[in-house]
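Trainee: Handing you a structure now.
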Amino acid sequence: MAAALPALAADQNEFSQAEKLVFTDHHLANVKAPGSLHYTFVKSGSQEAGFSDDVQIDVKRSAEKCCSVQGKFLSGEREVKLPEIAEAQPNPVILYFLEYDIREMARLTSRKSGNYFRNRIRKTLVDEAKVRDTTVTFQGRQVPAQEVTLTPYATDPARNRYERYADKRYTFVLASAVPGGVYQVRTALPGALQSDAPVMEETLTLAGTDAAPAGNKK
């Protein structure tokens, strides 16, 4: 998991509330393993051609510990390939999404590496992220959730180097009542006016869950 973002603080007491919600909470506690979490991914906006695709997170029990996790994030040339994660507790779909996003930021800004954007996201989660209570509708019922928002590039002293993307907003919607704890992750690049639709938006949303095929059981 550390391959996608810089390491978190060694002492959990030093985590910000946003870090705990996004990266350390036991999102997978309510998943019946073996099983699979299914998400839809939609890219829209006027800046580039949009698309829709699927994301799947396969969860298996590892002895008595939870959980061994393998993800399939998007398909074809867009697929993000990351190794299986043993003894996972946070839902790695967030890291898959961010790894995809960081690669896209590197591509859009012609940077050779995404490390700069990784560090900005990590720093902002510690210092600037906002958390609020909300509700979401999942499978026809409303459930309580918490929303974490951040604009990791807005306060960057070097934002003029990539000004076109500096106001990009990241939103994480976490709900312990939904399978896997992660209801939605999205990014939005606002238009010229506040009333304009985002010129680029990418949204990952939980679609449902099912039992893994019998052949995958351990």
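Trainee: Test LYS60 against the criterion of being surrounded by 14 or more Cβ atoms within 10 Å (Cβ to Cβ), within 15 Å of the chain's Cα centre (by Cα), of a type in the set (Lys, Arg) and over 30 Å from ASP167 (Cβ atoms), and give yes or no. Show your work before the answer.
Mentor: Values: surrounded by 14 or more Cβ atoms within 10 Å (Cβ to Cβ): yes; within 15 Å of the chain's Cα centre (by Cα): no; of a type in the set (Lys, Arg): yes; over 30 Å from ASP167 (Cβ atoms): yes.
For LYS60, the condition - surrounded by 14 or more Cβ atoms within 10 Å (Cβ to Cβ), within 15 Å of the chain's Cα centre (by Cα), of a type in the set (Lys, Arg) and over 30 Å from ASP167 (Cβ atoms) - is not met.
Trainee: Checking the structure you have, find out if any residue of the range 39-53 is of a type outside the set (Val, Ile, Thr), in contact (Cβ under 8 Å) with a residue 60 or more places away in the chain and under 21 Å from ASP210 (Cα atoms).
Mentor: First, the residues of the range 39-53 that are of a type outside the set (Val, Ile, Thr): 39, 41, 43-53.
Still in the running and in contact (Cβ under 8 Å) with a residue 60 or more places away in the chain: 39, 41, 43-48.
Keeping just the survivors that are under 21 Å from ASP210 (Cα atoms) gives 39, 41.
For the range 39-53, residues of a type outside the set (Val, Ile, Thr), in contact (Cβ under 8 Å) with a residue 60 or more places away in the chain and under 21 Å from ASP210 (Cα atoms): present.
Trainee: Go over the candidates ALA129, ALA106 one by one and state the one that is surrounded by fewer than 21 Cβ atoms within 10 Å (Cβ to Cβ), touching a helix residue (DSSP H, G or I) at 6+ places or on another chain (Cβ under 9 Å) and farther than 23 Å from ALA29 by Cα.
Mentor: Only one candidate qualifies: ALA106.
Trainee: Can you name the residue in the range 40-55 that is among the polar types (S, T, N, Q) and farther than 16 Å from LEU189 by Cβ and, of all such residues, is surrounded by the most Cβ atoms within 10 Å (Cβ to Cβ)? Don't jump to the end; show me each part of the working.
Mentor: Step one: filter the range 40-55 for residues among the polar types (S, T, N, Q), giving 40, 44, 46-47, 52.
Now drop any that are not farther than 16 Å from LEU189 by Cβ, which leaves 40, 52.
Values: THR40: 15, SER52: 10.
Once the filter is applied, the top-ranked residue is THR40.
Trainee: Under the condition of being touching a residue at least 40 places away in the same chain (Cβ under 8 Å) and under 17 Å from PRO179 (Cβ atoms), which residue from the range 125-139 is farthest from the chain's Cα centre (by Cα)?
Mentor: Looking at the filtered set, the residue picked out is GLN139.
Trainee: Is it fair to say THR149 is of a type outside the set (D, E, K, R) and either in contact with a Lys or Arg (Cβ under 7 Å, 6 or more places away or on another chain) or more than 19 Å from LEU206 (Cβ to Cβ) (or both)? Break it down into steps so the answer makes sense when it comes.
Mentor: Working: of a type outside the set (D, E, K, R): yes; either in contact with a Lys or Arg (Cβ under 7 Å, 6 or more places away or on another chain) or more than 19 Å from LEU206 (Cβ to Cβ) (or both): yes.
Here the answer is yes, as THR149 does meet what is asked.
Trainee: Shifting gears a bit: Among the residues of the range 110-119, what is the count of those that are closer than 15 Å to ASP156 by Cα and of a type in the set (S, T, N, Q)?
Mentor: Residues in the range 110-119 being closer than 15 Å to ASP156 by Cα and of a type in the set (S, T, N, Q): 2 in total.
Trainee: On to the next question. Which residue, of VAL173, VAL143, is under 19 Å from the mean Cα position of the chain (by Cα) and either aliphatic (A, V, I, L, M) or under 30 Å from ALA29 (Cβ atoms) (or both)? Steps first, answer last, please.
Mentor: Details: VAL143 fails: under 19 Å from the mean Cα position of the chain (by Cα).
The conditions single out VAL173.
Trainee: Ok, one more. Report whether or not PRO90 is of a type outside the set (S, T, N, Q), assigned to a loop (DSSP other than H, G, I, E, B) and farther than 26 Å from GLN17 by Cα. Even if it seems obvious, please write down each step before you answer.
Mentor: On the way: of a type outside the set (S, T, N, Q): yes; assigned to a loop (DSSP other than H, G, I, E, B): yes; farther than 26 Å from GLN17 by Cα: no.
Against the criterion (of a type outside the set (S, T, N, Q), assigned to a loop (DSSP other than H, G, I, E, B) and farther than 26 Å from GLN17 by Cα), PRO90 does not qualify.
Trainee: Can you name the residue in the range 148-187 that is part of a strand (DSSP E or B) and out of contact with any Ser or Thr (no Cβ under 6 Å at 6 or more places or on another chain) and is also farthest from THR137 (Cα to Cα) among such residues?
Mentor: It comes out as THR187.
Trainee: Still on this model: Just to be sure, is PRO83 part of a loop (DSSP other than H, G, I, E, B) and either closer than 17 Å to GLU202 by Cβ or under 14 Å from the mean Cα position of the chain (by Cα) (or both)?
Mentor: Details: part of a loop (DSSP other than H, G, I, E, B): yes; either closer than 17 Å to GLU202 by Cβ or under 14 Å from the mean Cα position of the chain (by Cα) (or both): no.
For PRO83, the condition - part of a loop (DSSP other than H, G, I, E, B) and either closer than 17 Å to GLU202 by Cβ or under 14 Å from the mean Cα position of the chain (by Cα) (or both) - is not met.
Trainee: Further question: Which is in contact with a strand residue (DSSP E or B) (Cβ under 8 Å, 6 or more places away or on another chain) and touching a residue at least 60 places away in the same chain (Cβ under 8 Å), of LEU174, LEU95? Even if it seems obvious, please write down each step before you answer.
Mentor: Details: LEU95 fails: in contact with a strand residue (DSSP E or B) (Cβ under 8 Å, 6 or more places away or on another chain).
Going through LEU174, LEU95 in turn, just one is in contact with a strand residue (DSSP E or B) (Cβ under 8 Å, 6 or more places away or on another chain) and touching a residue at least 60 places away in the same chain (Cβ under 8 Å): LEU174.
Rule-based calculations on the coordinates, nothing more; no lab input. Computed from a predicted structure; not experimentally measured. Cβ sites come from the backbone with ideal geometry, for glycine too, and all protein chains shown count toward neighbours.
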